[in-house]
Amino acid sequence: MRITQRAVALSSLQGLNRNLDAVGRLQQQLTSGRMISTPSDSPTGTNWAMQTRADQASVAQQARNISDGKAWVGAADSALMTMLETTRRVRDLAVQGLNTGSMSPAGAEAIALEVTNLRDSLLGLANQTLGGRPLFGGVTAGRSAYDAAGGWVGTDGAPVQRRISDTEVVRIDITGPEAFGPPGDDLFAVVGRIADDVTTDPAALAADLEDLDVAIDRMLTALADVGARSARIEHAEQVNTDRSLTLATQLSEIEGVDLPRTIMELEMQKVGYEAALAATAKALQPTLLDFLR
Amino acid sequence: MSTFSGLNTATTALWAQRRGLDVTGQNIANVNTVGYSRQRVDLQAMGGNTVPAFFSVSHAVGGGVSADDVERIRDAFLEARAQQEHATSSRLTAEADALGQIEQALREPGDTGIQALLTEMWAGWEDVGNNPHEEPARGQLLERLDTLAGGLRSARASLDQQWDQTRENLQTLLIDVNNAVAAVAELNQAIQRATASGLPANELADRRDTLVLELAATIGATGRAGSDGTVDVVVGGITLVAGSTATRVGLAGATESGGVGSDAPRIVTVPGGATMRSGGTAEGQLAALVDIVPEYQQRLDALAAGIAAALNSAHAEGYGLDGAPGGAIFGGGASGTDPVTAANITLLVTDPRRVAASKVPGGALDGSHADAIAQLRLQPTGPDVSYRRLVVELGVQTSVVERNLGIQAVITAQVDASRESVAGVNLDEEMTNMLSFQHAYSAAGRLVTAIDETLDQLINRTGLVGR
């Protein structure tokens, strides 16, 4: 095949262009830190990257849900424990009131007064709010779960739930009726009855004590329930942290550039480019003109 | 044999070698000219009389050398192949450009594309589910829904802009084509006249062939040899240049992307309106106008309609903060009654209290419906999956075209190298030719001197007896 000077020049230019193109591509990867900058670089990698990003966002949202759920469950837990303490004090007072032999009317009055005060404090604890919503009120839009007289004003149709993973929701609330008893015959009604019976009908205090024990058992069950949910949420938190770490690793493996490898390739490409430049300089210079007179 | 026939032979020799030197000089002067094909002087020996006769017979030897023809060395088959390969290469370049622009409009994978807007919207729904009583969370959700609609609208708008720009570029391209076609016709006429009167027209032919190659790259033309050294230019079966007559081309069809379905843009001849099957850059841009951009516009529209339908039907099953059932979230246009496309998707809900987060009617603070809506992102037929499919198919299409372009670039380079090898000027070869012509010229000069001496002997020294 006949070779002309122009053909040699053109092919040298094409070779230099190819080299420079490779250098440019490696440099773009290094400066952006990403191997995939357009979908055409790797369509399957793009799919993975988009899915991983979406999963990362939902895992972050679930972390927020989990911490919110932990706050609710923790608040319910501490409220129930305090109320349990108070109820045990009421029980002691009731037992004291049952002992009519060694009590004077003034003593009974004093016990009745204290029990009433304890009932008010129980109501106050039951009406605790978290973030503007009553803790034991269910999905009510109101500001409290029990009114001043002890009647239930919450809404218990639907549970308050938080999503802790793509497939699980966990209930984080406990309604008043579930923890303290059905309206009309719940903890506050029993304590109110005790406050009355201490002064009026001490003999009925025995039946009241049984009711109070039932209420205490109910509260213990509720506490166990809340505790179990709290453990489940903590376990989910650990899983969530692990998953977000895995996703971040996965995303960097798909998208991120392998720095040592890319830097080495860039160096090799630069050496190749310099060699091509030197070869071009040597090949294009001599012609027959140098040798003729 | 006449007395001075030897001198005549020497004169033709001098003239022919000098012509050879001229042609070599022309080649050397044009060694770097693009599109120049090397020329070679065609030396023909002139013979003596070979016609038998009775009385006027001469035994003369040959009469010298004739150097009338200067031929242009160019391979017509390689030229035809080059036209084809350049046309394919330009077409693939135009298609790759169009697809690359669409990729840039979508900006995936990244944190600023529609995927990120969808993800934020789903997160907004979950936040409302956690805090259904908080108006800031609801307001943020409405903002994110609005941003999603805005993102869809702006992606569609950039596709529309790309369509308009491509159409404008194609019109400008066709103006260039018309100019080139007119120039080819003029050159054909000049070459025809020169060839008919026997004058060399090699430089004009080079210029014309460069123009034809340009036409091949822009519109997929092929050259067909005509009479008297002219070349007819044919595009998809329609003759644009026949000898010295030229036909103009224009762009017909829809002027905006919406009308492509009913009146596809096409290239037509201007007086006749006949559609031509073009190639080259024009074909690539037409493919972008008729196939590529409208396809992705329709898919974006379908995505927007899918998002609106999924969210609207899910939202209608929940209840707002005041107990009212949720209405449509997205609608088409300001009135909300047109069919939803990516160009007119608008947020219809403006009151944060009307976001339907609750499954329980009557104003309870239930957030489970908002959570159910947020889980739509995992649906295998949901908006997330269809958008990912769109992006991946775009990526596959673009990478296929880019790979084909790479292969085609190698083929085109090979064809160009073959053409250069046939028609290019090699300086070493020209130097050697120059040496031969130089020596031949000096030898012819010597011949003149020798004949001059013999004639001098004959004229001045013969018949001078005794003087």
So, in Å, what gap is there between the alpha-carbon centers of region B:44-77 and region A:101-116? 151
Which angle from 0 to 90°, rounded to the nearest 10, does the C-alpha axis of helix A:105-126 make with the longest principal axis of chain A? 20
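Starting from the alpha-carbon convex hull of region B:233-343, give the projected area averaged over all orientations, in nm².
On the way: hull surface 37.8 nm².
For region B:233-343, averaging the hull's shadow over all directions gives 9.4 nm².
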Where a Cα-Cα gap under 29 Å defines reach, which lysines qualify for residue B:359, not counting those fewer than 8 residues away within the same chain? A:70
In cubic angstrom, how much convex hull volume per residue do the alpha carbon atoms of region B:228-289 span? 84
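I'd like the carbon and sulfur percentage of the solvent accessible area for the protein assembly as shown, probe radius 1.4 Å, heavy atoms only, ligands and nucleic acids excluded. Provide the component values of the computation, followed by the final result.
Working: 20170 of 36840 Å².
So the carbon and sulfur contribution to the accessible surface is 55 percent.
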Starting from one equal scatterer on each C-alpha and no solvent at all, send me the Debye-based log10 I(q)/I(0) for region B:40-86 at q = 0.19, 0.24 Å⁻¹, two decimals. -0.74, -0.87
Setting aside same-chain residues fewer than 8 positions from residue A:282, which lysines have a Cα under 21 Å from its Cα? A:270
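Largest first and in whole Å, what are the equivalent-ellipsoid semi-axes of region B:152-269 based on the Cα gyration tensor, each being the root of 5 times an eigenvalue? Please report the intermediate quantities before stating the final value.
Values: eigenvalues 285, 33, 17 Å².
Three semi-axes, in Å: 38, 13, 9.
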For region B:111-245, what is the accessible area per residue in Å² when the probe is 1.4 Å? 40
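Against the empirical 2.2 N^0.38 Å scaling, what ratio does the C-alpha Rg of the protein assembly as shown come to? Can you show the working numbers first?
On the way: Rg = 47.2 Å, N = 760, 2.2 N^0.38 = 27.4 Å.
Compactness ratio reported: 1.72.
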What's the buried accessible area, both sides, between B and A using a 1.4 Å probe, rounded to 100 Å²? 4000
Short version: which residues of region A:272-292 lose at least 30 Å² of accessible area, all chains versus chain alone, 1.4 Å probe? A:288, A:289, A:292
Cα coordinate range in chain B, projected on the principal axes (Å, largest first): 153, 45, 29
Report Rg (one decimal) and Dmax (nearest whole number) for region B:1-49, counting Cα atoms only, units Å. 15.3, 50
Just to be sure I follow: if Rg is taken over the C-alpha atoms of chain A and Rh is the Kirkwood radius over the same atoms, what is Rg/Rh? 1.50
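Which whole number gives the average count of other chain Cβ atoms within 10 Å of the Cβ atoms across peptide B:403-416?
Neighbouring Cβ atoms belonging to other protein chains average 1 per residue here.
At 4 °C and 1.567 mPa s, grab the translational diffusion coefficient of region A:195-293 from Stokes-Einstein with a Kirkwood Rh over Cα pairs, rounded to a whole number in µm² per second. Let's see the in-between values first.
Working: Rh = 22.8 Å.
Rounded to a whole number, D works out at 57 µm²/s.
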Calculate, for chain A, the solvent-accessible area per residue in square angstrom, rolling a 1.4 angstrom probe over the heavy atoms of the protein chains. 51
Tell me the Rg and the Dmax, in Å, that the Cα atoms of region A:1-130 produce. 39.5, 131
Kindly tabulate the residues in region B:366-392 with an accessible-area decrease of at least 20 Å² between the chain alone and the assembly of all protein chains, using a probe of 1.4 Å. B:366, B:371, B:375, B:377, B:378, B:388, B:391, B:392
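The values are calculated or read from the model by the stated rules, or taken from the named source; none is laboratory data. What you see is a predicted model; the values in this text were computed from it and never measured. As a convention, Cβ positions derive from the backbone with ideal geometry for all residues, glycine included, and neighbour counts pool all protein chains shown. The accessibility values were calculated without ligands, DNA or RNA, using every heavy atom of the protein model including side chains. Shrake-Rupley method; radii C 1.70, N 1.55, O 1.52, S 1.80 Å.
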